[in-house]
1. Please identify which residues in segment 104-120 have an amide N closer than 18 Å to a label point set 7 Å out from the Cα of S90, following the Cα→Cβ vector.
2. Net charge near K66, counting Lys/Arg +1 and Asp/Glu -1 over other residues with Cβ under 13 Å of its Cβ?
3. E102 versus E141, label points 7 Å from Cα toward the beta carbon: distance in nm?
4. Convert each backbone phi in segment 132-145 into a coupling constant with the Karplus relation 6.51 cos²θ - 1.76 cosθ + 1.60 (shift: θ = phi - 60°), then list the ³J(HN,Hα) values in order as whole Hz, x for Gly and Pro.
5. Show the residues, 5+ positions off or on another chain, whose built amide H is closer than 5 Å to the amide H of V70.
6. Taking amide H positions as placed in the peptide plane 1.01 Å from N, state which residues far from T60 in sequence (5 or more) or on other chains have amide H under 5 Å from it.
7. Leaving out ligands, DNA and RNA, what percent of the accessible area of segment 62-143 is carbon and sulfur, probe 1.4 Å?
8. For a paramagnetic label modelled at 7 Å from the Cα of S127 toward its Cβ, which residues of segment 58-94 fall within the zone defined by backbone nitrogen distances under 16 Å?
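The values are calculated or read from the model by the stated rules, or taken from the named source; none is laboratory data. This one's a predicted model, so the numbers in the text were calculated from it and none came from an experiment. We place every Cβ from the backbone using ideal geometry, glycine too, and count neighbours over all the protein chains shown. All accessible areas refer to the heavy atoms of the entire protein, side chains included, with ligands and DNA or RNA removed. Shrake-Rupley method; radii C 1.70, N 1.55, O 1.52, S 1.80 Å.
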Amino acid sequence: MNKESLGKTMVVGVVVIGLVAAAVAFKGTENSTDHSSGTMRGMNDSMSDTTSSPSGIQETNKVSYKGFDVEQPKIRVKKGTTVTWTNEDSAKHDVTPTTETEEFKTSKLFGKGETYSVTFNTVGTYSYYCSPHPYMKGTVEVVES
Ligand SMILES: [Cu+2]
């Protein structure tokens, strides 16, 4: 091997080593990017699971007004069920349907420990609120029995 070809071999060798090093470095960045985005995805998944998986609809016929809040804002009942609202606050509340029907009418204001009951015989979703505190609101979903 003469000097010239030895030189060429060394240059080729250096270039190859350089390429391999660059490839390893690139692979390394790629991997670490994958890892971090994978972790992020995992975190987002678990976060959205805890916030979105419960439908928030409760199968109950009892609604409590407590702390100026509707404790069961979304309920689902079978046709023919009587739903009872109970006021646990010192302040008076009412039940005001967004759209009154023959079955679902606005209650009078009722005080602590008092109740209001409505029997739902017609399938549908009924929205209501408390007229003195319109931010207190909920829905009653009536399904086929
Ligand atoms: Cu109220």
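1. 110-114
2. That works out to -2.
3. If labels sit at E102 and E141, their model points lie 2.6 nm apart.
4. My calculation for segment 132-145 gives x, 9, x, 6, 8, 8, x, 9, 10, 9, 9, 10, 4, 7 Hz in order.
5. Placed amide hydrogens put K137 under 5 Å from V70.
6. For T60, the qualifying residues are R76.
7. Within segment 62-143, the accessible surface is 50 percent carbon and sulfur.
8. 73-75
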